Amino acid sequence: MLPIKIFHFMPDKLNLYGDIGNIIALKQRAKWRDIEVQVVDITDTENLNLDDCDIFFIGGGSDREQSLATEQLKKIKTQLKNAIEDGMPTLTICGGYQFLGSEYVTPDGTRLEGLNILDIYTESKKDRLIGDIVIESETFGQIVGFENHGGRTYHEYPTLGRVVDGFGNNDNDKREGIHYKNLLGTYLHGPILPKNHEITDYLLKQACIRKGLEFKPEQLDNTVEEAAKQAIIKRLLKAK
C-alpha cells in the first residue's frame with residue numbers, strides 16, 4: 001500500500017498553539033486504520049513539487065513568523081492554488097487560514113500581503129476573541145475547539161458551520177472557518193483534530209479516495225472521542 005504523504009509546512013515557525021497535535025491525530029487515526037502515513041516537514045519551498053503530496057497542513061504563528069512563512073509559500077503559490085482547486089485535502093489554522101487571502105491588516109493599519117489564493121481578507125484588532133467554541137456543522141455535526149485571535153476574517157465561501165457558543169470568523173456573522181472543496185480553514189486550536197475525529201477522518205478519507213485506497217468509515221469505535229466532546233459541550237452550554 002502506498003503511504004499517504006502529509007506535507008507539513010513551516011513547522012519551525014507555525015506552531016504557536018500546539019497545532020502539531022493535528023499531525024499527531026492524523027498519524028494515529030491512520031495507524032488505527034492500517035493506513036501508512038509519511039509526514040514531510042517543509043521548511044524551504046525552493047524547487048518543491050506538490051505532485052507527491054496527498055494532504056497539506058499549514059498551522060498558525062505570530063504576525064512576524066506568518067509573514068516569513070508566507071514569503072516561502074509565495075514561491076509555490078500556483079501549485080497550492082491548483083492543489084486546492086483539484087480537491088487536495090487541506091487543513092489551515094489561524095494565520096495559515098488568514099494568509100490564503102488577499103491581505104491581513106494589523107491593528108496599526110499595516111497591510112501584510114497574503115497569498116491571494118482565495119477571496120478572503122482579514123482585519124486585526126487589539127481586542128482578541130478568546131475562549132472555547134461550539135459549532136453546528138452540516139458536514140461534521142458538532143465541532144469543538146479553542147479560539148484565540150485578533151483577526152476578523154471575511155469571505156462568502158461555505159464555512160465549517162454556525163457558531164453556537166463563541167465567536168468564529170469575526171464578531172458579527174456567527175460563522176466559523178471555511179470549507180471550500182476539500183480545503184478546511186479555521187481559527188480553532190486545541191488543536192482541532194484530536195477533539196473532532198470526524199474532521200480527521202474526512203481528511204484521511206479524501207486522501208484515500210484520491211489515491212485509490214480503501215477507507216472504511218465504520219472501522220473505528222469512537223465512543224471515547226464522542227464522550228470527551230460531549231463533556232466539553234455540556235460544560236460550555238451549561239455555563240451560559
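The values are calculated or read from the model by the stated rules, or taken from the named source; none is laboratory data. Keep in mind the model is a prediction, meaning the values are calculated, not measured. Every residue, glycine as well, gets a Cβ built from its backbone with ideal geometry; the counts of neighbours run over all protein chains shown. Keep in mind that these areas ignore ligands, DNA and RNA; they rest on the heavy atoms of the full protein, side chains included. Shrake-Rupley method; radii C 1.70, N 1.55, O 1.52, S 1.80 Å.
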**Q.** Whether the stretch 1-92 is rounded, prolate or oblate, judged on the alpha carbon gyration tensor where a/c under 1.5 counts as rounded
**A.** oblate
Q: Stick to Cα atoms and the Kirkwood definition of Rh, then tell me Rg/Rh for the chain.
A: 0.95
**Q.** Enclosed volume per residue, in Å³, of the convex hull spanned by Cα atoms of the stretch 87-135
**A.** 98 Å³
Q | Contact order relative to length of the chain, as percent, for alpha carbon pairs under 8 angstrom and 6 or more apart | A | 19 percent
Q.
Is the C-alpha gyration tensor of the stretch 157-240 telling us rounded, prolate or oblate? Criteria: a/c under 1.5 is rounded; beyond that, a/b larger than b/c is prolate, otherwise oblate.
A. oblate
Q: Please name whichever of 58, 116, 133 sits farthest to the positive end of the charge dipole of the chain, dipole taken about the Cα centre and charges placed at Cβ: Lys and Arg +1, Asp and Glu -1.
A: 133
Q | Those lysines that a straight Cα-Cα span of less than 18 Å connects to residue 211, excepting residues fewer than 8 apart in one chain | A | 5, 27, 31, 181
(Q) Could you report the stretch 163-240's accessible area per residue, 1.4 Å probe, as an integer in Å²? (A) 48 Å²
(Q) Tell me the carbon and sulfur percent of the accessible area for the chain, rounded to whole percent, probe radius 1.4 Å. (A) 49 percent
Q | 3J(HN,Hα) from dihedral phi, the stretch 196-209, Karplus parametrisation 6.51/-1.76/1.60, rounded to Hz, x for glycine, proline | A | 9, 5, 4, 6, 4, 5, 4, 4, 5, 4, 5, 5, 5, 4
Q. Under 12 Å from a point 7 Å along the Cα-to-Cβ line of residue 211: which residues of the stretch 2-21 have their amide N that close?
A. 2-7
(Q) Through the Karplus equation 6.51 cos²θ - 1.76 cosθ + 1.60, θ set to phi - 60°, convert the phi angles of the stretch 105-121 into ³J(HN,Hα) values in whole Hz; use x for Gly and Pro. (A) 9, 6, x, 8, x, 5, 9, 9, 5, x, 7, 6, 7, 10, 7, 9, 9
Q: Identify which of 195, 74, 31 has the largest mean-square fluctuation in a Gaussian network model of the chain, with springs joining Cα atoms closer than 10 Å.
A: 31
(Q) Nearest 500 deg cm²/dmol is fine: what mean residue ellipticity at 222 nm does the chain get from its DSSP H runs of n ≥ 4 alone, each adding -39,500 (n - 2.57), divided by its residue count? (A) -9000 deg cm²/dmol
Q. With springs only between Cα atoms under 10 Å, which of 170, 82, 47 fluctuates most in a Gaussian network model of the chain?
A. 47
Q: With a probe of 1.4 Å, find how much accessible area the stretch 50-103 has per residue, and write the answer as a whole number in Å².
A: 33 Å²
